[in-house]
Amino acid sequence: MGSGNQKRSYHFFVILPHPSEPKILMWREASGWSLPCIRTVEHAWWRDVGTVNAIVQRGLGDRVRVLRCLTNVEDQSERVSRKVYVLENRGTD
């Protein structure tokens, strides 16, 4: 159960394509593979792509640009905002 004075957490799941091959970035986790997820308490509206770009770039270390937000789910009881973004890979690695 969430606490009334708990800070809101933002989880940005990202679909990041390889710059030149038909692949996307995936992270290995204990239960299998998942989309990369950047977790932060830094406030970001789902449409504020400048802030989202900066947060994701810091989290991944890659130059990216948001192309689209696929989903935006708010869990009020847990005070978590989960979003899935499609990104453009602006880096070369």
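As for the range 11-30, it holds no residue that is hydroxyl-bearing (Ser, Thr, Tyr) and under 16 Å from the mean Cα position of the chain (by Cα).
Among the candidates ARG58, ARG68, ARG82, the residue that is modelled with pLDDT under 90 and open to solvent by 30 Å² or more (accessible area, probe 1.4 Å) is uniquely ARG58. Number of residues in the range 1-41 that are without any contact (Cβ under 8 Å) to a residue 60 or more places away in the chain, closer than 18 Å to GLY61 by Cβ and not hydroxyl-bearing (Ser, Thr, Tyr) equals 11.
For the range 42-93, taking the residues that are free of Cβ contacts under 8 Å to residues at least 40 places away in the same chain and in a helix (DSSP H, G or I), the one that is farthest from the chain's Cα centre (by Cα) is identified as GLY50.
Scanning the range 18-41 for residues that are in contact with a strand residue (DSSP E or B) (Cβ under 9 Å, 6 or more places away or on another chain), part of a loop (DSSP other than H, G, I, E, B) and of a type in the set (A, V, I, L, M) gives LEU25, MET26, LEU35, VAL41.
The values are calculated or read from the model by the stated rules, or taken from the named source; none is laboratory data. Because the structure is predicted, anything quoted here is derived from the model rather than measured. Reconstructed Cβ throughout: ideal geometry from the backbone, glycine too, with neighbour counts over all protein chains shown. These accessible areas exclude ligands, DNA and RNA; they are computed on the full protein's heavy atoms, side chains included. Shrake-Rupley method; radii C 1.70, N 1.55, O 1.52, S 1.80 Å.
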